[in-house]
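Trainee: Got a structure for you, questions after.
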Amino acid sequence: MHRLALASIVLGLVAAPAAADAPTLPKVGDVMNEQGSSTWPKMEWLYDVPSHPDAAGKIVVHWFCGPKVKTCADDLAHLTALRDTGKVYIVAYIDGAKSATKKLDPIDGSEGVGKGTVAYGRGVGNLTKALGLKEPTSVVIDVDGKVQLISVGSTATEFDARDAKVNALAATIKEYTWSANDPKTAAPNAPFTLSVTVRLANWLKYGTTTPMSFALTQLPKDVKCDAKTLGPDKIKVDGQVATATVTCSAPFGSYEARGEIHFSYDAPGGGTGLGTEGAGWKVVVK
């Protein structure tokens, strides 16, 4: 009987569900998405929940403040200035009632659609308490989802330092990079290639509204290529990378050629962009 009771107790301990992980503040270098952490409690939002498509390709700032903290009102102007750069997505957590939260809203209604969202109410209060936050706090995340700064404090110096970090990160955002090959030398009448490669940022995809194209805009008459123009069906696309290549040959001599690639790209939150890049090649045939 005693053995059965003891076995039941042990079995009950084993079967009991583990306690949920307590909310924690991330560390610099941690990966964190625009919705914060899965251990954070559910929130009430003035707008939609944080949106990955809207945040993609932007610096995300998680901002913790409250109406009882005077300097939060001072920081509001800083946050709206960051929002208006178009390169920052703000997730604000206001520890207060809905009416008070609206006075600290850095998204500012319909003007801020796609620029962030605002949480308020009991869920924010519970989160703030669990995280042990005593002062205004900002968590700054780069386009790869990594925490780059945790700013704690309420002085103008601290606000300015955070803004400088955000703006510096935003300045490094590139929709794409490109490069051209460098054949340098070739044998007489032997094939050599001229190519341009475009690599899109990981949150974008190539668009189809404006077809991708490549054209040689300058080509010496003695240089013969298998094509002078390429359409989308002749340009190799592998995920984020597009490469336009032509194969040429020439007799003895030194030659210069130029070409341009044109393409479009789509953002996950809507909107398209156009890219045009020109490349130059110098080839010595000897």
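Trainee: Out of the residues in the stretch 138-167 that are assigned to a helix (DSSP H, G or I) and of a type in the set (K, R), state the one that is farthest from A267 (Cα to Cα). Quick ask: steps written out before the conclusion?
Mentor: We begin by selecting, within the stretch 138-167, every residue assigned to a helix (DSSP H, G or I); these are 156-167.
Okay, now just the ones that are also of a type in the set (K, R), so 162, 165.
On the way: R162: 27, K165: 24 Å.
Result: R162.
Trainee: I want to confirm something. Restricting to the stretch 168-186 and keeping residues that are in a loop (DSSP other than H, G, I, E, B), in contact (Cβ under 8 Å) with a residue 60 or more places away in the chain and out of contact with any Ser or Thr (no Cβ under 9 Å at 6 or more places or on another chain), which single residue is surrounded by the fewest Cβ atoms within 10 Å (Cβ to Cβ)?
Mentor: D182
Trainee: Any idea which residue in the stretch 71-115 is farthest from L200 (Cα to Cα), counting only those that are of a type in the set (K, R) and in contact (Cβ under 8 Å) with a residue 60 or more places away in the chain?
Mentor: First pass over the stretch 71-115, keeping only residues of a type in the set (K, R): 83, 87, 98, 102-103, 115.
Filter again for in contact (Cβ under 8 Å) with a residue 60 or more places away in the chain, leaving 87, 115.
Values: K87: 17, K115: 22 Å.
Restricting to residues being of a type in the set (K, R) and in contact (Cβ under 8 Å) with a residue 60 or more places away in the chain, the top hit is K115.
Trainee: Determine which member of the set G121, G153, G132, G125 is in the same structural domain as G96 (by TED's automatic domain parsing), of a type outside the set (D, E, K, R), modelled with pLDDT under 95 and in contact with a strand residue (DSSP E or B) (Cβ under 7 Å, 6 or more places away or on another chain). Reasoning before the result, please.
Mentor: Values: G153 fails: in contact with a strand residue (DSSP E or B) (Cβ under 7 Å, 6 or more places away or on another chain); G132 fails: in contact with a strand residue (DSSP E or B) (Cβ under 7 Å, 6 or more places away or on another chain); G125 fails: in contact with a strand residue (DSSP E or B) (Cβ under 7 Å, 6 or more places away or on another chain).
After applying the criteria, what remains is G121.
Trainee: May I pose another question? Looking only at the stretch 51-83, how many residues end up being part of a helix (DSSP H, G or I) and either crowded, with 18+ Cβ neighbours inside 10 Å or in contact with a strand residue (DSSP E or B) (Cβ under 8 Å, 6 or more places away or on another chain) (or both)? Quick ask: steps written out before the conclusion?
Mentor: Keep residues of the stretch 51-83 that are part of a helix (DSSP H, G or I), which gives 52-55, 70-83.
Next cut, either crowded, with 18+ Cβ neighbours inside 10 Å or in contact with a strand residue (DSSP E or B) (Cβ under 8 Å, 6 or more places away or on another chain) (or both) only: 52, 54-55, 72, 75-76, 78-79, 82-83.
Total satisfying the criteria: 10.
Trainee: Right, here's the next one. Applying the selection to the stretch 235-244, what residues are over 30 Å from E34 (Cβ atoms), out of contact with any helix residue (DSSP H, G or I) (no Cβ under 9 Å at 6 or more places or on another chain) and surrounded by 15 or more Cβ atoms within 10 Å (Cβ to Cβ)? Can you show your working first?
Mentor: Within the stretch 235-244, the subset over 30 Å from E34 (Cβ atoms) is 235-236, 243-244.
Subset that is out of contact with any helix residue (DSSP H, G or I) (no Cβ under 9 Å at 6 or more places or on another chain): 235-236, 243.
The answer is I235, T243.
Trainee: Looking only at residues that are closer than 16 Å to R199 by Cβ and hydroxyl-bearing (S, T, Y) in the stretch 250-279, which one is surrounded by the fewest Cβ atoms within 10 Å (Cβ to Cβ)?
Mentor: Of everything passing the filter in the stretch 250-279, T276 is surrounded by the fewest Cβ atoms within 10 Å (Cβ to Cβ).
Trainee: Determine whether D95 is of a type outside the set (V, I, T) and farther than 24 Å from D21 by Cβ. Spell out how you get there, then give the answer.
Mentor: Values: of a type outside the set (V, I, T): yes; farther than 24 Å from D21 by Cβ: no.
Considered against the rule, which asks whether it is of a type outside the set (V, I, T) and farther than 24 Å from D21 by Cβ, D95 comes out as no.
Trainee: Quick check, is K236 in contact with a strand residue (DSSP E or B) (Cβ under 8 Å, 6 or more places away or on another chain), free of Cβ contacts under 8 Å to residues at least 12 places away in the same chain and in the same structural domain as N181 (by TED's automatic domain parsing)? Don't jump to the end; show me each part of the working.
Mentor: Details: in contact with a strand residue (DSSP E or B) (Cβ under 8 Å, 6 or more places away or on another chain): yes; free of Cβ contacts under 8 Å to residues at least 12 places away in the same chain: yes; in the same structural domain as N181 (by TED's automatic domain parsing): yes.
Against the criterion (in contact with a strand residue (DSSP E or B) (Cβ under 8 Å, 6 or more places away or on another chain), free of Cβ contacts under 8 Å to residues at least 12 places away in the same chain and in the same structural domain as N181 (by TED's automatic domain parsing)), K236 qualifies.
Trainee: Among the residues of the stretch 101-144, write down those that are of a type in the set (D, E) and closer than 17 Å to Y89 by Cα. First the steps, then the outcome.
Mentor: Of all residues in the stretch 101-144, those of a type in the set (D, E) come to 105, 108, 111, 135, 142, 144.
D105, D108, E111, D142, D144 - these are the residues of the stretch 101-144 that are of a type in the set (D, E) and closer than 17 Å to Y89 by Cα.
The values are calculated or read from the model by the stated rules, or taken from the named source; none is laboratory data. What you are looking at is a predicted structure, and each value in this text was computed from that prediction instead of being measured. Don't worry about glycine lacking a Cβ; one is built from the backbone with ideal geometry, like all the others, and counts go over all protein chains shown.
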